[in-house]
Amino acid sequence: MNNIYISEIKRNLVSLEKRDIEMVYSIVEKILYKPKLLNNLTILEIRKLVKFFSKKKPLYAITILEALRDYEFKLEHQDYSMILKLYRILEDNHIGAMYTFEVLKTQGFDPSLKDYLNLLHVIIIKGVNFKQVFNYIEEMASKDYQVDYYVNSLIIDRLIEVNNITVAGKILMDMIEKGQVTHGLILPNIFKKQQESDVTSGDLSLYVTIYSVLIQTFINHDHYNKAVEFYRKLLKKYLTPDKQIVEMMISACLTRNDNKIAQEFLIHTQTSNINHIFFNTMNHCIKNRNFKDLFKLYEISWYKNITFTEREYHDLIYSLCIEDCATDSFIIYKDARSKGLLKEDLFIFNKLLKIMVKYEKIKEVKIIKKDMENLKIKPNIETYRIMIQLASVQGVPEKSEMIFQEIYREGLSIDYTTFSSLIKCFADSGNLKKAKRALNIMFQSDFKPTINDYNHLIRAAGKSSNYDVKSIGISILRDTNQEIKPNIDTYNYFLESYLSSNYLSVAKRVYKTIIKDGFKFNLETFHVFFKYWCKIRGYKDAFELFYDQLEYNNLEPSIYTWNLLINKAIESKSSKIIRKIYDELYNRGIKLNNTLLYIKLVTFWGYEKEYNKVEDIIDHIRIGRIDEDILIDSITEFINICIIHKQYDKAENLWNLVQHEKLIPNENLYNSLIKLYTKMNDDNKLQNIYKILN
């Protein structure tokens, strides 16, 4: 049996990296405490095992080497050094480290600088008395070895823990003299002020200086975890570190995408004028589509009265518009306007209008347009293009022709993009005749249509007849000059047209042609299929197929995707589907662009008697500062449901919430309260409501 274990180990050594670490160790463990069997393995085989374990399970590697050490297996210097290194990695077992170090010396080996540093690292962290520590340091000095910045930092930290800050300060000065700290060292203002005046701030100045220097040094040496540890210690006694130190620490967090630590530090740091640090952190979240942390940071900035500059508001809003975050971008826009900013930023007004029109947020469009009028911001050609799309969204595409006349009257230059907007407007409303007419006017104005314009015609044709779709497709494919080449959107629109008309055989041919013609499916391809699957296959199958296809094609859902999914989830009226999609949205920090859906969710969960879920959604609206009107309407809807289900206490709690948050009730809410107190036969509260109304 013992021979079998040895054979098995040797067989595993051939392809060790591919083996399961626990399985290999379970075999090694069988012979670990049997010296005679261990002798069947060569030192090279032992080292191979140690190297394998040290990557993921250093403790296993230590156990093997300790067994060999204790059985007086013929180890070399490098093996003892490896044990010390592993102790340092685990920052544990100071007794084992000290014993190994002594064995190394008794075996006639001369400890290297690295051996001393690894040993000191462990024994300082594990709290071995300073006398022993300094004995080893004296031993090092006799060999002309020097303690490095890391071990010196550990000694300083230990000295501060035992309230010996004076000696800690002397060691820090020694580090500075020896060049062991970061280049371009930033000394804190508290230190500079003490040097310039006779007034002493005592140990605090030294404490802040020590940790400020060590934080910079560890960040510079890429020892992030130690920098985090020391920044926490700095905040324990000094909540207003210098801006440069805060910025350096937060930048280190963002480099490692450690938003949790960045948030923790920004919550507790009370340094003034760090709006640019909040901005950089929030912008990092947007670029990484980390919307949950983004708005946690925004809330922190709100409660800490952080004031962003006009440029920072501009960039935040722009980034959110690019990511399709209509609700979020409008929240930040309102914040900026409440501070009197963005008075002349037509670029941002246009970006906001465009995304609000895309998601049919007409109320927000009216607010933005009203702001532009009040600020006397004159529309440019881009503004008019957006108004053309608004005409389509509002179901009055004919209004776009009036807008065109207004552009002429204003003397603005009409370019290709403006004509393309007009074509899209008519295509969105399914008016192929007028879309073609706009295309002809484009030709007459010496502008050449692109494939995108023909794609719009395909969409318009798809809403009328498949003959028109086919004829447009033929005109694209027969373009002998090759000036109009189909793109993936062309195929997506063909698919959408044929699927919506149930021409499945043609849709299948289009689907196969996508790959044949060298194109890759994109998100929109599966958006088209998903809408069709919901109609034909049922919602459950549609969601499963959609997720499978995204995973198979390695596609990440966009903000538009999530909004589409929650729309269809609510349509499905399936508790399981709605819960899954809404929870995924919330966990990603994505707000619904169609905020009216929040009210639908309240209605759905309310009638399902999932009261906790409704309260969560109302909390999400309130904490996310999504829209006060939506919040009031959601509360009103839930109060009405509570009345039906005789949940009067819950209804009253909602009214208390309105008063606590100082929200402005509307007529519908007051009517619901009258109904509530009538049902409760509470005349006093009923009279109070009537008094408020009068």
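Among the conditions (1) part of a helix (DSSP H, G or I); (2) at positive phi, residue 395 misses just one, which is (1). In region 317-345, the residues that are over 20 Å from residue 627 (Cα atoms) reach residues that are part of a loop (DSSP other than H, G, I, E, B) with C-beta atoms within less than 6 angstrom, at least six apart or across chains, in these pairs: 343/375.
Only residues that are β-branched (Val, Ile, Thr) and surrounded by fewer than 20 Cβ atoms within 10 Å (Cβ to Cβ) were counted in region 249-260, giving 1. Open to solvent by 70 Å² or more (accessible area, probe 1.4 Å), among the acidic types (Asp, Glu) and at pLDDT 85 or above: is that true of residue 398 in this structure? Against the criterion (open to solvent by 70 Å² or more (accessible area, probe 1.4 Å), among the acidic types (Asp, Glu) and at pLDDT 85 or above), residue 398 qualifies.
Summed over region 203-252, the residues that are of a type outside the set (Phe, Trp, Tyr), touching a helix residue (DSSP H, G or I) at 6+ places or on another chain (Cβ under 7 Å) and assigned to a helix (DSSP H, G or I) give a count of 28. Those residues that are assigned to a helix (DSSP H, G or I) and either acidic (Asp, Glu) or under 18 Å from residue 361 (Cβ atoms) (or both), I need them from region 307-328; list them, please. Answer for region 307-328, where residues must be assigned to a helix (DSSP H, G or I) and either acidic (Asp, Glu) or under 18 Å from residue 361 (Cβ atoms) (or both): 310, 312, 315, 317, 318, 320, 321, 322, 326, 327, 328. Here the condition is being more than 17 Å from residue 462 (Cβ to Cβ), without any contact (Cβ under 8 Å) to a residue 24 or more places away in the chain and open to solvent by 30 Å² or more (accessible area, probe 1.4 Å); of 535, 516, 520, 485, it holds for 516 alone. Scanning region 407-434 for residues that are open to solvent by less than 30 Å² (accessible area, probe 1.4 Å), aliphatic (A, V, I, L, M) and touching a Ser or Thr at 6+ places or on another chain (Cβ under 9 Å) returns 407, 414, 422, 427, 432.
Among the residues of region 551-571 satisfying the criterion of being within 24 Å of residue 455 (Cα to Cα) and in a helix (DSSP H, G or I), which is most open to solvent (accessible area, probe 1.4 Å)? Among residues in region 551-571 that are within 24 Å of residue 455 (Cα to Cα) and in a helix (DSSP H, G or I), the one most open to solvent (accessible area, probe 1.4 Å) is 560. Residues of region 538-550 that are open to solvent by 20 Å² or more (accessible area, probe 1.4 Å) and under 23 Å from the mean Cα position of the chain (by Cα): 547 alone.
Residue 609 fails exactly one of the following numbered conditions: (1) open to solvent by 10 Å² or more (accessible area, probe 1.4 Å); (2) over 24 Å from residue 330 (Cβ atoms); (3) assigned to a helix (DSSP H, G or I). What is the number of that condition? Every condition holds for residue 609 apart from (3). A search for C-beta distances below 7 Å between a residue of region 44-72 that is open to solvent by 50 Å² or more (accessible area, probe 1.4 Å) and any residue that is of a type in the set (Val, Ile, Thr), counting only pairs 6+ apart in sequence or on different chains, returns 56/21; 57/21.
Across region 612-652, the number of residues qualifying as buried (at least 17 other Cβ atoms within 10 Å of the Cβ) and either in contact with a strand residue (DSSP E or B) (Cβ under 8 Å, 6 or more places away or on another chain) or acidic (Asp, Glu) (or both) comes to 5.
Residue pairs whose Cβ atoms lie under 6 Å apart, sitting 6 or more positions apart in sequence or on different chains, and linking a residue in region 232-247 that is under 16 Å from residue 161 (Cα atoms) and in contact (Cβ under 8 Å) with a residue 40 or more places away in the chain to a partner that is open to solvent by less than 40 Å² (accessible area, probe 1.4 Å) and of a type in the set (Ser, Thr, Tyr), are 233/211. Sub-6 Å Cβ pairs linking a first residue in region 277-306 that is part of a helix (DSSP H, G or I) to a second residue that is of a type in the set (Val, Ile, Thr) and open to solvent by 10 Å² or more (accessible area, probe 1.4 Å), at least 6 apart or interchain, are 278/306; 291/590; 300/267, ordered by first then second residue. Would you confirm whether any residue within region 374-384 is closer than 30 Å to residue 562 by Cβ and either in contact with a Lys or Arg (Cβ under 8 Å, 6 or more places away or on another chain) or buried (at least 16 other Cβ atoms within 10 Å of the Cβ) (or both)? The answer is yes, given that some residue of region 374-384 is closer than 30 Å to residue 562 by Cβ and either in contact with a Lys or Arg (Cβ under 8 Å, 6 or more places away or on another chain) or buried (at least 16 other Cβ atoms within 10 Å of the Cβ) (or both).
The values are calculated or read from the model by the stated rules, or taken from the named source; none is laboratory data. What you are looking at is a predicted structure, and each value in this text was computed from that prediction instead of being measured. Glycine also receives a Cβ, built like all others from the backbone with ideal geometry; neighbour counts cover every protein chain displayed. Note: areas computed on protein heavy atoms with side chains; ligands, DNA, RNA excluded. Shrake-Rupley method; radii C 1.70, N 1.55, O 1.52, S 1.80 Å.
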